[in-house]
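J.: Sharing a structure with you now.
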Amino acid sequence: MGFFDRFKKAIKPSNSLLVNMNDMLAKANAGHYAVPAININNLEWIGAVLDAAQEMRSPVILGVSSGAARYMFGWRNVVNMVENVMQNKKITVPVALHVDHGTYEACVDALNAGFSSVMFDGSKLPFAENVEKTKEIVKLAKKYNATVEAEVGSFEAKDGTAADGELADTNECTAMASQTGICCLAAGIGNIHGIYPDDWKGLNFDKLIDISRNVNNIPLVLHGGTGIPKTQIKKAIELGICKVNVNTECQLAFAHAIRTYVENRNDLDKKAKGFDPRKLLKPACQAIKETVIEKIKIFGSENKA
Ligand code: 13P
């Protein structure tokens, strides 16, 4: 199916509860704080993250990878779940539903399904092609009043042993920021996804300053938020980071809570019906909520909704 065929079959509910990232990131940029971008993986995750954001009066971005979307039975189901949970919980803080590291196809499909924002990850393409494809995604996103994040450089640890993540080329960042109409830019400043190796050298603030000075005030995004020391996160926010992505840390908190529940043999308590998934997952949801609340405090987005 071609680009415009996909667009033709698009259905976007006009009464969407979701917002794009423009306003929330502009405010974060002006106010020197960052909006948490938390990956969601299932229905319970959605509820836990939204509860945290609402309780803290923080705007929030819900990130969805293509794998997570498949796990949740497709982009449209994710849109429906998020909007229904928002309605059920009477969520009033701004919520953006955002594709995390989407291919071109994934971004098109998610926009057509009602996502309010996408990250097009063209980092593995030759740079000129990354720019061209980003422009096309921006064009489609505009039709939906949706926003686009672009990526320059990558955040993958090489064989899990990278002591230092990739540093983006500043000229490429400038070109991406000035030529495409993106809302925000993710650029490598030594950060990587997942757990940082013991010999990780930390964020490269000289690179962040250099990029920040050369992208005409476009909000910058920090990926790989798990495990970066609090002082480095705060410094990065002072230097222009307006969105921080966190995934692994919530997964670890979720898994740890389930482990504790099972190790305490709560699932074997037949009288209390400890095997009921609603009981089994309750402490895990609480663990996600607490993790997100902690992030909101560090990122400074409390009471910014
Ligand atoms: P972590 O899993 O390291 O928190 O990174 C999340 C991320 O950057 C998603 O794009």
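Bear in mind that the values in this text are calculations on the coordinates, not laboratory data. On a predicted model such as this, the values are computed, not experimentally measured, just so you know. Don't worry about glycine lacking a Cβ; one is built from the backbone with ideal geometry, like all the others, and counts go over all protein chains shown.
J.: If Ile209 meets every condition in (1) under 25 Å from Asn42 (Cα atoms); (2) out of contact with any strand residue (DSSP E or B) (no Cβ under 8 Å at 6 or more places or on another chain); (3) in contact (Cβ under 8 Å) with a residue 12 or more places away in the chain apart from one, which number is that one?
T.: Checking Ile209 against (1) under 25 Å from Asn42 (Cα atoms); (2) out of contact with any strand residue (DSSP E or B) (no Cβ under 8 Å at 6 or more places or on another chain); (3) in contact (Cβ under 8 Å) with a residue 12 or more places away in the chain, the one that fails is (1).
J.: Does any residue of segment 129-152 turn out to be of a type in the set (Gly, Ala, Ser) and within 16 Å of the ligand (Cβ to nearest atom)?
T.: Initially, segment 129-152 is screened for residues of a type in the set (Gly, Ala, Ser), giving 141, 146, 150.
Now restrict to residues that are within 16 Å of the ligand (Cβ to nearest atom): 150.
Yes, because at least one residue in segment 129-152 is of a type in the set (Gly, Ala, Ser) and within 16 Å of the ligand (Cβ to nearest atom).
J.: Quick test for you: out of Ile228, Ile241, Ile195, Ile233, pick the one residue that is of a type in the set (A, V, I, L, M, F, W, C), surrounded by fewer than 16 Cβ atoms within 10 Å (Cβ to Cβ) and within 16 Å of the ligand (Cβ to nearest atom).
T.: Details: Ile228 fails: surrounded by fewer than 16 Cβ atoms within 10 Å (Cβ to Cβ); Ile241 fails: surrounded by fewer than 16 Cβ atoms within 10 Å (Cβ to Cβ); Ile233 fails: surrounded by fewer than 16 Cβ atoms within 10 Å (Cβ to Cβ).
Testing whether each residue is of a type in the set (A, V, I, L, M, F, W, C), surrounded by fewer than 16 Cβ atoms within 10 Å (Cβ to Cβ) and within 16 Å of the ligand (Cβ to nearest atom) leaves just Ile195.
J.: Looking at the structure I just gave you, is Ser58 within 16 Å of the ligand (Cβ to nearest atom), buried (at least 24 other Cβ atoms within 10 Å of the Cβ) and in contact (Cβ under 8 Å) with a residue 40 or more places away in the chain? Give the steps one after another, and end with the answer.
T.: Details: within 16 Å of the ligand (Cβ to nearest atom): no; buried (at least 24 other Cβ atoms within 10 Å of the Cβ): yes; in contact (Cβ under 8 Å) with a residue 40 or more places away in the chain: yes.
No; evaluated as a whole, the condition is false for this residue.
J.: On the basis of being closer than 20 Å to Phe127 by Cβ and among the charged types (D, E, K, R), does Lys201 make the cut? Full working, then the answer.
T.: Details: closer than 20 Å to Phe127 by Cβ: no; among the charged types (D, E, K, R): yes.
Criteria not met by Lys201.
J.: Just one of Gly165, Gly63 is small (Gly, Ala, Ser) and part of a loop (DSSP other than H, G, I, E, B); which is it?
T.: Values: Gly63 fails: part of a loop (DSSP other than H, G, I, E, B).
Sole residue among the options that is small (Gly, Ala, Ser) and part of a loop (DSSP other than H, G, I, E, B): Gly165.
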